[in-house]
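The values are calculated or read from the model by the stated rules, or taken from the named source; none is laboratory data. It should be emphasised that the depicted structure is a prediction, and the values quoted were computed from it without experimental measurement. Note that each Cβ is placed from the backbone with ideal geometry, even for glycine, and that neighbours are counted across all protein chains shown. In case anyone asks, the SASA skips ligands and DNA or RNA and just uses the protein heavy atoms, side chains included. Shrake-Rupley method; radii C 1.70, N 1.55, O 1.52, S 1.80 Å.
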There are 2 protein chains.
Amino acid sequence: MTDIKIPLRDMRFAMRELLDWDQHYASLGYDEASPDVVDAILEEGAKFCENVLAPINAVGDQQGCTWKDGEVTTPDGFKEAYQQFVEAGWPSLAHALEHGGQGLPQSLGTIMSEMVGTTNWSWGMYPGLSHGAMNTLEAHGTEEQKATFLTKLVEGTWTGTMCLTEPHCGTDLGILRTKAEPNADGSYAITGTKIFISAGEHDMAENIIHIVLARLPDAPAGTKGISLFIVPKFLPNEDGSLGERNGVVCGSLEHKMGIHGNATAVLNFDGAKGFLIGPPNKGLNCMFTFMNTARLGTALQGLAHAEAGFQKSLAYAKDRLQMRSLSGPKNPDGVADPIIVHPDVRRMLLTQKAFAEGGRMLVLLCAQQVDRTNKGSEEEQKEAEELLAFLTPIAKAFLTETGFESANLGLQCFGGHGYITEWGMEQNVRDARIATIYEGTTGIQALDLLGRKVLMSQGELLRRFTKMVHKFCQAEAEDETLAPFVAKLQELNKEWGDLTMHVGAKAMENPDEVGAASVDYLMYSGYVTLGYLWARAVKVASEKLAAGESEAEFYRAKLATARFYFDRILPRTATHAAAMKSGAQNLMELDAEYFAF
Amino acid sequence: MTDIKIPLRDMRFAMRELLDWDQHYASLGYDEASPDVVDAILEEGAKFCENVLAPINAVGDQQGCTWKDGEVTTPDGFKEAYQQFVEAGWPSLAHALEHGGQGLPQSLGTIMSEMVGTTNWSWGMYPGLSHGAMNTLEAHGTEEQKATFLTKLVEGTWTGTMCLTEPHCGTDLGILRTKAEPNADGSYAITGTKIFISAGEHDMAENIIHIVLARLPDAPAGTKGISLFIVPKFLPNEDGSLGERNGVVCGSLEHKMGIHGNATAVLNFDGAKGFLIGPPNKGLNCMFTFMNTARLGTALQGLAHAEAGFQKSLAYAKDRLQMRSLSGPKNPDGVADPIIVHPDVRRMLLTQKAFAEGGRMLVLLCAQQVDRTNKGSEEEQKEAEELLAFLTPIAKAFLTETGFESANLGLQCFGGHGYITEWGMEQNVRDARIATIYEGTTGIQALDLLGRKVLMSQGELLRRFTKMVHKFCQAEAEDETLAPFVAKLQELNKEWGDLTMHVGAKAMENPDEVGAASVDYLMYSGYVTLGYLWARAVKVASEKLAAGESEAEFYRAKLATARFYFDRILPRTATHAAAMKSGAQNLMELDAEYFAF
């Protein structure tokens, strides 16, 4: 089996050469994040992921987590790896100095998450979920709450969860039922059942801090009556030591398709003591503040599985001898040619490569905006927030959809062996499958993009992005290498606006037109957005080649991959455009009762 | 969990209303296959599948097969179900009277396989693999071999396998190494390792007859030196009773992504006694005779998983309450609307429906051709063989690709619950995943279609089909209901020919152009072929509606599904056309060593 290598060269390309990373940090005043520090983090992070996390990825899948009397045991090695992770200080990387963090930019946390996720997604979810809890505490917690809970989370001695879903509601949080009743001491008694709680119970840390959505007794119905509570597994004593076991118990673990190494818990809250965080009835608003970060974290998953599948299938395609090239033997001394000679195998490899490298550019572009929302000038913050609001649903849904496609192509390169567990390709597919669902399904992201972000802003958020694309195209239109890319991009960029107008106009007569167009709209947007980034990569690569820099083959590969993307992937926009234009009637005309007979 | 129901109404639509099934049997002289008999088989088959096989589908997945000292135990209930299957005479359905069969048309066997596969694909592979062995014996066995082996297989007391793949070769059988050395008694000693042998070892029948590809000592290298052997697990005595245990042992079972209920065996042949079947060194030719049938059997799998996923996700979508319709509450008294009100959920349901019902039409059209190759006039046989040669790679690859897509959409309709094992949707995805691989991957089917079938016949096989489509279009162009369908179909039918010419011309200069276009060509062909069948379904349905027949809602649903298919699925052809036209260079220009750095 191939060992996963963190693609440091490509990460540096996307960060430094494409997105001017060092300048980005410098301009925001992140002096601690000097190029040397960033390099050291990349190198050390890669080592940890390759040497500690990758070897326990298959173990996690095969053993899964085990539940006994409310206690959960994680797979062999998970706990020890977490110990090392904490000792090395990784949990605190991108958190504020005043809570024990290292004060480095959040984007560095994203980069570390990519490395972790590429080698072992299930494991990465344990520290990953903590970030949601930490961000919530950082923004909405009282000083006392921060002192009690946040410091421990930043240290990594405790982990966190986000408890939203209930058996009867996931997407539709407005109908959630978990209740919070005031105790005499100002705390609340939380009662209800939460499901699908990732990292909800485990043996990797001494305490778990659940952030729980629940309703106060007098809360209005719907989404406007939801509050947010901190519910620790163990109630901390005054001195910070662990006290009484709280009334939240893991009732069972879900048996699921993949991410077996992560415990997906059913949590029963039975009058558990909770502490209100943020204003009453504003819980969902508080949550939404961090939804973008959580969704960006999931966007990463698509990229992670695309990268992992690509690396393994590339190695296999160079190694496996099967059939001769149609254009004559390429390995005449062997019994057959390596399968990478076959055009269709290359099509599968290049698709994975284009989505992995393209996805990396998109995630990093988003991560830069997160930094700007944290530390930019007021104007920069607003601009970054709006760009992020627009790009996040695209990154989340498009990269997880193409990540799943990529994982499947990786499996397919292996033929029958891909279906066999020992090669790891089928685990990669099973693990990837959840990403288009949690943190809001592709359908939900699509409604968020088209309905909330684009149409509700009267197209303004889209226009800002298409303007950016347009400016790039205008600036580069005369460049010989870039011209063919720019021509295509310009055309799609215009069509993007036209399609939006078209759907928007129809939606005024029938709101179902939004839902009918949404997923095709999102995928269309994703292909164009990645097209824009690939065109920018072409600009960088051709400049480097013209300047006669070393690593010519690296830059030529960028050009070749961009050509592949423009020739063979970008035409998918035509299908999505046609589907959108076809309108809602072909979806709505059939009565629910006549779908089957 | 929803119980799977065999879609008898839709099967009858495709068989009788679309493909004139009763007339088809009558004209071939299948007098035994009267409408009454066919109906009885449908009803009884459906009952068996719904009541016996469906309940053990999840059991098969969860328990899998267990190996101990070379013996394999199948999941609970598998053996008993097989007993009932044999007692009811199902194995003998479509085999010749002289070998104990019921002499019914092979297409009825296909129909039964669809029903079996929809309820429990893994189980269905045990009797399914026997058919390959039976067909091989029927065509190439000596009378003695037929008397000894075929009769037992037809009875179902024994099962069969096909042993092709070896660790170093699957697609590339020319390099296989298993050897066959002559014994003094005219038999052969077979030595080698075969892998991925479905139903290769189990406890469901008293004996297993392996059909094995191996090389004679003096065999020429490559595909022209492969012979076919019968290797029984137990050597039969003169009187037909079981004799000595033969030297073929199951070394292990593969751990795989899905189809856990079926034993995928590594078989070690250690001087096992085998009997040559067919002429020496012509083994691969003998195999190819039945490749079409085997591939059609796998095409069924796509359809089966699309149907199963569709039924379950439809039931869930009507039941699950989540969010309100964008166009106003549809279930005002409930906490939310059933998710089938949401356009994007309908998109996912209709996609599954269009592929399941469309796939059924395509498989049955192929099954009719199989009957005609078996019993038609010489001219009919030739015509049917050629049509089948053309349609089989399309059906196999296109229906398994769209079947996997459908299974995933079914899972997606369930949101997070789809990822959880208990709902059965993730098993459906895992089981479906193998179908695009075995019996020749999608890539191999695509080369078969474009290279061997279309280009090697100078386009003749394609022209015959497009002529059929063209004739249909011309005949129906004036019909008001059909006109929009016909216009689109006509346009694509012409483009299909143009694209073929285009690729063919380029392939003369560079044979890699075939491989570069092949999968897009195959998918394009699949979409158009299904479009033709959906247009024919429109014709039938609109005639029935015009005639004022009952079941108007059934026929209206056909029209609505066809509109959906033409509006939202058929535009995918544009993407495939563009990819094909882009040529081989964008796949071939990048050196293998520069795919990653």
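A few comments on the model shown:
- Looking only at residues of the range A:564-597 that are hydroxyl-bearing (Ser, Thr, Tyr) and within 7 Å of another protein chain (Cβ to nearest Cβ), we find that the one that is nearest to A:Asp520 (Cα to Cα) is A:Thr575.
- Counted as qualifying within the range B:2-85 are the helices (runs of 4 or more DSSP H) with 1 or more residues that are closer than 24 Å to B:Gln427 by Cβ, namely B:8-12, B:35-48, B:57-63.
- Count of the range A:429-465 residues which are out of contact with any helix residue (DSSP H, G or I) (no Cβ under 7 Å at 6 or more places or on another chain) and either open to solvent by less than 20 Å² (accessible area, probe 1.4 Å) or over 24 Å from A:Ser406 (Cβ atoms) (or both): 7
- When the range A:153-191 is limited to residues that are under 19 Å from A:Thr223 (Cβ atoms) and part of a strand (DSSP E or B), the one that is most open to solvent (accessible area, probe 1.4 Å) turns out to be A:Lys179.
- Sole exception among (1) at negative phi; (2) at the interface with chain A (Cβ under 9 Å from one of its Cβ atoms); (3) surrounded by fewer than 19 Cβ atoms within 10 Å (Cβ to Cβ) for B:Glu551, by number: (1)
- Residue in the range B:40-61 that is buried (at least 22 other Cβ atoms within 10 Å of the Cβ), under 22 Å from B:Leu303 (Cα atoms) and within 14 Å of another protein chain (Cβ to nearest Cβ) present: yes
- Against the criterion of being under 18 Å from A:Pro7 (Cα atoms), assigned to a helix (DSSP H, G or I) and more than 11 Å from chain B (Cβ to nearest Cβ), A:Leu365 qualifies.
- Of all residues in the range A:139-152, those that are open to solvent by 40 Å² or more (accessible area, probe 1.4 Å) and of a type in the set (A, V, I, L, M, F, W, C) total 2.
- Among residues of the range A:428-441 that are more than 9 Å from A:Ala397 (Cα to Cα) and more than 10 Å from every other protein chain (Cβ to nearest Cβ), those with a beta-carbon under 7 Å from a residue that is open to solvent by less than 10 Å² (accessible area, probe 1.4 Å) and outside any helix (DSSP H, G or I) at least six positions away or on a different chain give the pairs A:Asp431/A:Gly258; A:Asp431/A:Ile259.
- Of all the listed residues (A:Leu303, A:Leu314, A:Leu276, A:Leu267), the sole one being more than 14 Å from every other protein chain (Cβ to nearest Cβ) and in a helix (DSSP H, G or I) is A:Leu303.
- Counting only helices (runs of 4 or more DSSP H) that sit wholly inside the range A:442-531, those with at least 1 residues that are among the hydroxyl-bearing types (Ser, Thr, Tyr) and within 12 Å of chain B (Cβ to nearest Cβ) are A:442-447.
- On inspection, B:Gly410 passes the criterion of being within 26 Å of A:Ser198 (Cβ to Cβ), touching a Gly at 6+ places or on another chain (Cβ under 7 Å) and buried (at least 23 other Cβ atoms within 10 Å of the Cβ).
- Residue tally, condition facing chain B (nearest Cβ under 8 Å) and not small (Gly, Ala, Ser), over the range A:554-563: 4
- Pairs, first within 10 Å of B:Ala54 (Cα to Cα) in the range B:2-13, second open to solvent by less than 50 Å² (accessible area, probe 1.4 Å), C-beta under 6 Å, six or more apart: B:Ile4/B:Ala54; B:Ile4/B:Thr119; B:Ile4/B:Ala308; B:Ile4/B:Gln311
- Filter pass, A:Lys282 being over 29 Å from B:Gln62 (Cα atoms) and charged (D, E, K, R): yes
- Where a residue in the range A:79-102 is closer than 18 Å to A:Met134 by Cβ and its partner, wherever it lies, is surrounded by fewer than 18 Cβ atoms within 10 Å (Cβ to Cβ) and charged (D, E, K, R), with Cβ under 8 Å and at least six apart: A:Val86/A:Glu155; A:Ala88/A:Glu44; A:Pro91/A:Glu155; A:Ser92/A:Glu155; A:Gly100/A:Glu155; A:Gln102/A:Glu32
- Residues of the range B:222-249 that are in contact (Cβ under 8 Å) with a residue 40 or more places away in the chain, open to solvent by 10 Å² or more (accessible area, probe 1.4 Å) and hydrophobic (A, V, I, L, M, F, W, C): B:Val249 alone.
- The lone exception for A:Lys382 - which of (1) open to solvent by 10 Å² or more (accessible area, probe 1.4 Å); (2) within 14 Å of chain B (Cβ to nearest Cβ); (3) in a helix (DSSP H, G or I) it fails: (2)
- The range B:250-261 residues that are within 18 Å of B:Cys163 (Cα to Cα), paired with ones that are part of a loop (DSSP other than H, G, I, E, B) and open to solvent by less than 10 Å² (accessible area, probe 1.4 Å) (beta carbon under 7 Å, 6 or more apart): B:Cys250/B:Gly70; B:Cys250/B:Gly200; B:Cys250/B:Glu201; B:Leu253/B:Ala263
- So A:Gln102, is it part of a helix (DSSP H, G or I), open to solvent by 40 Å² or more (accessible area, probe 1.4 Å) and modelled with pLDDT of 95 or more: no
- Test result for B:Val37, open to solvent by less than 40 Å² (accessible area, probe 1.4 Å) and either modelled with pLDDT under 95 or not acidic (Asp, Glu) (or both): no
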